[in-house]
Amino acid sequence: AGGPGSAMAAAAAWPELEAAGRERRRELSLAGAAVAERVAAGGGRLPAALLALPLLQSLELSGCAALRELGPGLAAALPALHTLVLRGNALGPAGLGAGLGGQLPALRLLDLSGNGLEALPAALGGAGPAEEEAAVAAPAFPQLRSLNLSGNRLRELGPGLVRAAPQLQALLLSGNRLRALPGGLLPPAGGGAALPGGPFPLLSRLEAADNEVEELGADIAVLPALKSLDVANNQLRELPAALADCPRLKEANFRGNQLKDKRLEKMVNGCQTKAILEYLRAGGRGKGKAESAREEVRKKKREKQQKKDGGDGEQDELEEASKLLVKVLHVSENPVPLVVKASPGVKDVRPFIVCCVLKGVNLKPGNALKRFLSAQTKLHEDMCEKRTAATIATHDLQLIKGPLLYDVQPPDELKITPLGRKEIKAKDLLRQLQLEAEEQRKQKKRQNVSGLHKYLQLLDGKDNYPCLVDAEGVVISFPPITNSEKTKIRKHTRDLFLEVTSDTSLQICKDVMDTLILKIAELNRLTLENKEDSGSDNESDALCGPVNLNPSQNVQLMNLPLVVEQVRVVDTDGNLKVLYPSKTDLTTVSSLLTVIR
């Protein structure tokens, strides 16, 4: 048993917690080798001093293999918590149970990815003594909007999750061992007390790629808000016709499954989601009268739902008419294709990279450049999960000298001229950013730092840092921190070099790149339509004003596709590692983008 001396020693071992309490911080992020050592020394659980920070709204403790328990009382001690990120630890159901027991009434985002979970904790509807009580008790997470359970070992999900988190909008389950979907996630029809609005009335995004799913159940259609479904790389042999009854489904990824219907298999690899749903709606091939009759009933239900939702059918027609065009230039058609060579060292630091060239962008009028940069920032916050899942870098193609080398360098040797700064060694840049971050925290009395300062912990414990180097030996990108002033995009930039890197997976790089190209195409269309009031903006960007085109010129320009040039990533021997965009890329955004190949 420890006396006052041991308590003081424990507090001194966690200076971050002491500072957070003293400065009344709302946000706290703990990461790195030193944190892992202290957690291990404390028996693999969170320090008790954390429970003395009732003002905390955001807590992250990731990449700590020593963390096996949250310890009791976390939910009761942190009632204001709205973001809890516990990615890449070693938390099991029991280790999570005590900490998540009780209510977290304000929690909106919970990330438990990469913990090796084989079952859900009781608080999230998993089996346990609290399961029966949860059926009648108030939801444990009444405001939870996003739940990330990817990269675990889950084989099934129980219906208790519906009660624990009824307001879920995004459920991420990729990289588990699930056999069926929705499976046990939805309560059986007529089982238990009725749920207001049905199960998961707000769930719009469901991801379950890279599992062992053999069955996609027809009850998927009971999710009224489902817009995006990803079941790529599973063991599906067929797709249910009921998918066509999902009234809002716009994006679906079925690639990497061995479908029995070979025509359907070709469609999922190259067609838009709408075409796939129409095919399923028509019953595929060889369906009889009974199926046709059932389809007629489903059609009437769907029309009724669309009227109720305010005319989604008309909206679909409008979307089809205003699709954005992108043309892919194959590497064999390109006289001077850009190539990226990846060195073996990146495997242990940040192994995944996807690149392409995008030509024909117009950033000159009004606030076009500002909107472009804002879209990139939003992608970093949302889809890239604050750069922890992936990082985007965009460059002016004309300022790049190829071929490029994706390499690693020691922190005291890597030199870069960061955006808006002078040339500096990576080690010194991180130290400078750390000092700036501390200054920000003191001024704001919280840990909510901005800009590059939010991403410093992502390189903790790395002996080498990743970088992209041009043919002249100049570092043009230092992910996930910054890219170079040398290749900075300006208003006159027309052609872009885009890169996405990740230490998580190649697929997240491709998905982010797909979405980035879609966003740029949307912004380009908006610019050409002159839908901006640049005259009322006081900032200097507005001085350029909109482009004055007559209507016929405008229509011609809007119908000109952006050109995406394929870029190969090869190893040091020249063997192909990645080609983007390949035939199967850009299909996840195909409901909004027409790709000419």
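The values are calculated or read from the model by the stated rules, or taken from the named source; none is laboratory data. Since the structure is predicted, the reported quantities are computational estimates derived from the model, not experimental observations. Don't worry about glycine lacking a Cβ; one is built from the backbone with ideal geometry, like all the others, and counts go over all protein chains shown. The protein model used for the area step is the full one, side chains on, heavy atoms only, and it has no ligands, DNA or RNA in it. Shrake-Rupley method; radii C 1.70, N 1.55, O 1.52, S 1.80 Å.
Assorted remarks:
- Looking across segment 370-420 at every residue that is at pLDDT below 90 and among the basic types (K, R), the one that is farthest from T501 (Cα to Cα) is identified as K386.
- The residues of segment 101-114 that are surrounded by fewer than 23 Cβ atoms within 10 Å (Cβ to Cβ) and touching a helix residue (DSSP H, G or I) at 6+ places or on another chain (Cβ under 8 Å), listed by number, are G101, G102, Q103.
- Entry remark, segment 395-431: residues being touching a helix residue (DSSP H, G or I) at 6+ places or on another chain (Cβ under 8 Å) and either touching a residue at least 24 places away in the same chain (Cβ under 8 Å) or outside the structural domain of F497 (by the TED database) (or both) number 18 in total.
- A residue that is in a helix (DSSP H, G or I), within 23 Å of G63 (Cβ to Cβ) and either outside the structural domain of T388 (by the TED database) or modelled with pLDDT under 95 (or both) occurs nowhere in segment 461-478.
- Residue match in segment 332-351 (condition: within 18 Å of the chain's Cα centre (by Cα) and among the acidic types (D, E)): no
- Entry remark, segment 336-384: residues being closer than 22 Å to K519 by Cβ and in a strand (DSSP E or B) number 8 in total.
- Scanning segment 67-86 for residues that are open to solvent by less than 60 Å² (accessible area, probe 1.4 Å) and modelled with pLDDT under 90 turns up L70, G71, G73, L74, A75.
- Residue check for K300: surrounded by fewer than 14 Cβ atoms within 10 Å (Cβ to Cβ) and either at pLDDT below 90 or of a type in the set (S, T, N, Q) (or both): yes
- When residues of segment 330-387 are limited to those that are on the phi > 0 side of the Ramachandran plot and in contact with a His (Cβ under 8 Å, 6 or more places away or on another chain), the one surrounded by the fewest Cβ atoms within 10 Å (Cβ to Cβ): K386
- Residue check, I489 open to solvent by less than 10 Å² (accessible area, probe 1.4 Å) and either more than 24 Å from the chain's Cα centre (by Cα) or under 20 Å from K364 (Cβ atoms) (or both): no
- The set of residues in segment 237-248 that are crowded, with 21+ Cβ neighbours inside 10 Å and under 16 Å from K266 (Cα atoms) contains only L239.
- When the strands (runs of 3 or more DSSP E) confined to segment 151-259 are screened for residues that are assigned by the TED database to the domain that holds T515, none reaches at least 2 such residues.
- L373 vs. criteria over 19 Å from P466 (Cα atoms) and in contact with a strand residue (DSSP E or B) (Cβ under 6 Å, 6 or more places away or on another chain): no
- Residue count for segment 572-597, restricted to those that are open to solvent by 40 Å² or more (accessible area, probe 1.4 Å), part of a loop (DSSP other than H, G, I, E, B) and under 23 Å from L338 (Cβ atoms): 7.
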